[in-house]
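A.B. asks: Here it is, the structure, as structure tokens.
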Amino acid sequence: AETVQVAKRLYVAGEHFESRKLEHRARELARRQAEALLAAPRIEAATGKNLARALKGLNEHPPARQILSRIRQQDPGDIRAAQQLALNTYKDEELPPDARLAAALKVLEEIGLRGPGCNDPQTLGQGGAVYKRAWEHRGQIEDLHTSLHFYLSGWNRNKQDDMGYCGVHAACN
């Protein structure tokens, strides 16, 4: 994670070649760590989540998704792992768009996305993000309306925890 921050600072400072070189090194190291972690019979949740977060920051969504999927298998009640799995799934460009969107929604629905008691802005906001991407992909106005519904729900049900994320996205829809 620190390497990525240094790479970003180098890029901003105009050191584009050095920035890309450093980011490439970070990406390779993270991939190797992911391979080693996935080869283990069990993944320690905190270690796996930290690596998945680093992979996500490097736009390495497939290995992040695999790690988080294993963590969820080990602990199906881990809501944060489920949310991060959904995020890395809908951003995984190696999967066909319809498949990745459906898989992300399935994970979110497993943790209560459509439940009347769901007041977690992260879950609701991700539901909004998935439907917004579905609208971008399919062009169906119903997807845009559903996206708006989830963003508004995230804002209206829990403004304190939302910190504006769902509210801003609802306003932009």
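A.B. asks: Rounded to the nearest 20 Debye, what is the dipole magnitude of segment 72-173 about its Cα centre when Lys and Arg each give +1 and Asp and Glu each give -1 at the C-beta?
C.D. replies: Dipole magnitude for segment 72-173 comes out near 180 debye.
A.B. asks: For a bin width of 5 Å, list the pair-distance distribution of segment 1-81 built from all Cα-Cα distances, rounded to whole %.
C.D. replies: 3, 16, 25, 19, 14, 10, 7, 4, 1
A.B. asks: Please provide three numbers in whole Å: the alpha-carbon extents of the chain along the principal axes, with the largest listed first.
C.D. replies: Computed over the chain, the largest-to-smallest principal extents equal 45, 43, 33 Å.
A.B. asks: When we measure straight from the Cα of Lys132, which lysines land under 24 angstrom away, once same-chain ones fewer than 8 places off are left out?
C.D. replies: Output for Lys132: Lys56, Lys91, Lys106, Lys159.
A.B. asks: Give me the percent relative contact order of the chain, please, defined on Cα pairs under 8 angstrom at least 6 residues apart. Mind dumping the intermediate values first?
C.D. replies: Numbers: 211 pairs, mean separation 22.0, N = 173.
Value for the chain: 13 percent.
A.B. asks: Here's a follow-up. Classify segment 53-107 from the C-alpha gyration tensor, please: rounded if a/c falls under 1.5, else prolate or oblate depending on whether a/b exceeds b/c.
C.D. replies: Oblate shape, in that a/c is at least 1.5 and b/c is the bigger or equal ratio.
A.B. asks: In Å and on Cα atoms, what radius of gyration and Dmax does segment 45-147 show?
C.D. replies: Taking only Cα atoms of segment 45-147, I get Rg and Dmax of 13.2, 41 Å.
A.B. asks: Which one, Cys172, Ala7, Pro41, is farthest towards the positive end of the dipole of the chain when Lys and Arg carry +1 and Asp and Glu -1 on their Cβ?
C.D. replies: Ala7
A.B. asks: Right, next: So between Cys172 and Ala36, what do we pick up on full extension, going 0.36 nm a residue minus the alpha carbon distance? All intermediate terms of the calculation are to be shown ahead of the outcome.
C.D. replies: Numbers: separation 136, 0.36 × 136 = 48.96 nm, distance 4.13 nm.
Result for the pair: 44.8 nm of gain on full extension.
A.B. asks: Would you tally the net charge around Asp75, using a Cβ to Cβ cut-off of less than 14 Å, leaving Asp75 out, and scoring K and R as +1, D and E as -1?
C.D. replies: Values: positive: Arg42, Lys49, Arg70, Arg72, Arg80; negative: Glu44, Asp78, Glu110.
Within the 14 Å Cβ shell, the charges total +2.
A.B. asks: Still on this model: At 222 nm, what helix-only mean residue ellipticity would the chain give, in deg cm²/dmol to the nearest 500, using -39500 (n - 2.57) for each DSSP H run of four or more?
C.D. replies: On the way: 10 runs with 135 residues, N = 173.
The helix contribution divided over the chain gives -25000 deg cm²/dmol.
A.B. asks: Further question on the same structure: At 0.36 nm per residue, minus the direct Cα-Cα distance, what do Glu15 and Asp98 gain on full extension? Give it in nm, one decimal, please.
C.D. replies: Working: separation 83, 0.36 × 83 = 29.88 nm, distance 3.82 nm.
Computed gain between Glu15 and Asp98 is 26.1 nm.
A.B. asks: Still on this structure, please answer the following. Could you check the spin-label model distance between Arg25 and Lys8? Points 7 Å from the Cα along Cα→Cβ, value in nm.
C.D. replies: Here the modelled spin labels are 1.9 nm apart.
A.B. asks: Find how many whole Å separate the alpha carbon centroid of segment 99-154 from the alpha carbon centroid of segment 53-93.
C.D. replies: 17
A.B. asks: Using the heavy atoms of the protein chains and a 1.4 angstrom probe, tell me the accessible area per residue for segment 25-135 in square angstrom.
C.D. replies: On the way: 5350 Å² over 111 residues.
Using a 1.4 Å probe on heavy atoms only, each residue of segment 25-135 averages 48 Å².
A.B. asks: Here is a follow-up. Ignoring any ligand, DNA or RNA, what whole percent of the accessible area of the chain comes from carbon and sulfur when the probe is 1.4 angstrom?
C.D. replies: On the way: 5210 of 9810 Å².
Looking at the chain in its full context, I get 53 percent from C and S.
A.B. asks: Still on this structure: Just to confirm the number: angle between the C-alpha axis of helix 45-57 and the first principal axis of the chain, 0 to 90 degrees, nearest 10?
C.D. replies: In the chain, helix 45-57 runs at an angle near 90 degrees to the longest axis.
A.B. asks: Order 62-69, 138-145, 23-30 from most to least packed using the mean count of other Cβ atoms within 10 Å. The partial results should precede the final answer.
C.D. replies: Working: 62-69: 24.2, 138-145: 12.6, 23-30: 16.5.
Put in order of decreasing packing, that is 62-69, 23-30, 138-145.
A.B. asks: Could I ask something else about it? Of Asn88, Leu68, Ala26, whose Cα points farthest to the positive end of the dipole of the chain (charges on the beta-carbon: +1 Lys, Arg; -1 Asp, Glu; origin at the Cα centre)?
C.D. replies: Checking the options against the dipole of the chain, the answer is Ala26.
The values are calculated or read from the model by the stated rules, or taken from the named source; none is laboratory data. Source: prediction; values computed, not measured. Glycine gets a Cβ as well: all are built from the backbone with ideal geometry, and neighbour counts include every protein chain shown. Accessible surface is based on the protein model in full, side chains and every heavy atom, while ligands, DNA and RNA are left aside. Shrake-Rupley method; radii C 1.70, N 1.55, O 1.52, S 1.80 Å.
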